[in-house]
Amino acid sequence: MSEKLLTDTAANVAEAFEKIKAAAVLVGRDPSEIRLMAVTKTVSPDKINEAVAAGCDLLGENRVQELLEKYEQYDKSAEIHFIGRLQTNKVKYIVDKVSMIESVDSLKLAEEIEKRCAKIGKIMDVLLEVNIAEEESKGGFSAKEILEVSEKLKDFQHLRLRGLMTIGRFGAEIEETRHYFEKMRHLLVDIKTKNIDNIYINILSMGMSADYELAVSEGATIVRIGRGLFGARK
Ligand SMILES: *Cc1c(COP(=O)(O)O)cnc(C)c1O
C-alpha cells in the first residue's frame, strides 16, 4: 500500500472537513450543505494552493491589496469571496475577481458594487454583514436594520442578496456565541420570508477556527477558517 505524506495544510483541510461533517450529522444536517472557506490573510499562495489541492474550493480574502498581489498565483479552480472591510474606492479592483462579497456593511458600499458590476455586466452575489452582538469596534448592520436593507437591495439590478454573514465576538463564552449564531439563523429566516426573490437567500456565513463546529450546529452554510488550516498568523 502506498501512502502519500500529507502536507500539514492538506491534513488540516481533511480534519476540518471531518469535523464539519461530524457536527452536521450530529444535528441531522446534510454535510454537503456546508462549505469550507480557507481564509488566506498573510498566507503564501503556495500554501493556499495546497488547501485547494486538498479539496477546499473556496477562498476568503480580507484585503484588496493582498488579493491583487497574490491573485495571479492562485489555483483558479477555487472560488474567491471577499470577507473584509471594503472601502468604496477599492470595489473596482475586485468585482471581476470575486464571486461574492460577504462583507456588505453599508448602503453606500452596495451602491458602489451595483455601479461597478453594471459596468462589467455582472451580477454580484452579496451577503449583509451583521454586527449581531452590537459591538462598538465592529462594522456591519444591526439586526434591526437588516429587513429594511434587504428590501432596499431589491432595486439593485446587479446585486443579488444571498444571505448574511457575521463575525463572532472574540473571546466569547460558548453559550454567548451559540446565542448569537441562533439569532443569525432566525434573522435569515426573517429576510427569506419577507423577500419574494427568496430562493437565493440561503447562505449563512459564520464560524471561524475557534467556533466553526458550533456554527455548523446552529445552521452555518459557510465556515471561514484561517489559523485552523494554515497555523498562527505572523
Ligand atoms: C481572519 C478571519 C477569519 C478566520 O479567522 P481564524 O480565527 O484564523 O479562523 C474569518 N473571517 C474573517 C472575516 C476574518 O477576518
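The values are calculated or read from the model by the stated rules, or taken from the named source; none is laboratory data. This is a predicted model, so every value here is computed, not measured. Cβ sites come from the backbone with ideal geometry, for glycine too, and all protein chains shown count toward neighbours.
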Item to complete: Go through Asp8, Asp30 for me and flag whichever is without any contact (Cβ under 8 Å) to a residue 12 or more places away in the chain and exposed (fewer than 14 other Cβ atoms within 10 Å of the Cβ).
Response: Asp30
Worksheet entry | Scan of the stretch 174-222 for residues that are charged (D, E, K, R) and over 16 Å from the mean Cα position of the chain (by Cα), ordered by number | Glu175, Glu176, Arg178, Glu182, Lys183, Asp190, Lys192, Lys194, Asp197
Worksheet item: Which one of these is more than 22 Å from Met208 (Cα to Cα) and away from the ligand (no atom under 12 Å from the Cβ): Val95, Val64?
Response: Val95
Discussion item. Can you tell me which condition Phe230 does not meet? The list is (1) more than 14 Å from the ligand (Cβ to nearest atom); (2) modelled with pLDDT of 95 or more; (3) over 15 Å from the mean Cα position of the chain (by Cα), and all the others hold.
Written reply: (1)
Worksheet item: Out of (1) at pLDDT below 95; (2) in contact with a helix residue (DSSP H, G or I) (Cβ under 7 Å, 6 or more places away or on another chain); (3) within 11 Å of the ligand (Cβ to nearest atom); (4) not aliphatic (A, V, I, L, M), the odd one out for Gly139 is which?
Response: (2)
Worksheet item: Is it the case that the stretch 74-90 has a residue that's free of Cβ contacts under 8 Å to residues at least 24 places away in the same chain, over 21 Å from Gly163 (Cβ atoms) and within 12 Å of the ligand (Cβ to nearest atom)?
Response: no
Discussion item. So for the stretch 188-202 (the condition being more than 16 Å from Arg35 (Cβ to Cβ), within 13 Å of the ligand (Cβ to nearest atom) and either in a helix (DSSP H, G or I) or at pLDDT 95 or above (or both)), does at least one residue qualify?
Written reply: no
Worksheet item: Which residue out of Glu134, Glu111, Glu175, Glu148 is assigned to a loop (DSSP other than H, G, I, E, B) and away from the ligand (no atom under 16 Å from the Cβ)?
Response: Glu134
Discussion item. For the condition crowded, with 20+ Cβ neighbours inside 10 Å, in contact (Cβ under 8 Å) with a residue 12 or more places away in the chain and among the basic types (Lys, Arg), what is the one hit in Arg185, Arg169, Arg224?
Written reply: Arg224
Worksheet item: How many residues does the stretch 197-234 contain that are touching an Asp or Glu at 6+ places or on another chain (Cβ under 7 Å) and of a type in the set (Gly, Ala, Ser)?
Response: 1
Worksheet item: Given the conditions (1) surrounded by 22 or more Cβ atoms within 10 Å (Cβ to Cβ); (2) touching a strand residue (DSSP E or B) at 6+ places or on another chain (Cβ under 7 Å), which single one is not true for Ser99?
Response: (1)
Discussion item. Here is a check on your reading of the model: is Gly219 away from the ligand (no atom under 12 Å from the Cβ) and at positive phi?
Written reply: yes
Discussion item. Six or more apart or on different chains, Cβ atoms under 7 Å: show the pairs whose first residue is in the stretch 102-118 and within 24 Å of Arg224 (Cβ to Cβ) and whose second is of a type in the set (S, T, N, Q) and within 16 Å of the ligand (Cβ to nearest atom).
Written reply: Glu102/Ser205
Discussion item. Quick check on my filter: what residues within the stretch 203-216 are assigned to a helix (DSSP H, G or I), in contact with a strand residue (DSSP E or B) (Cβ under 7 Å, 6 or more places away or on another chain) and more than 12 Å from the ligand (Cβ to nearest atom)?
Written reply: Val216
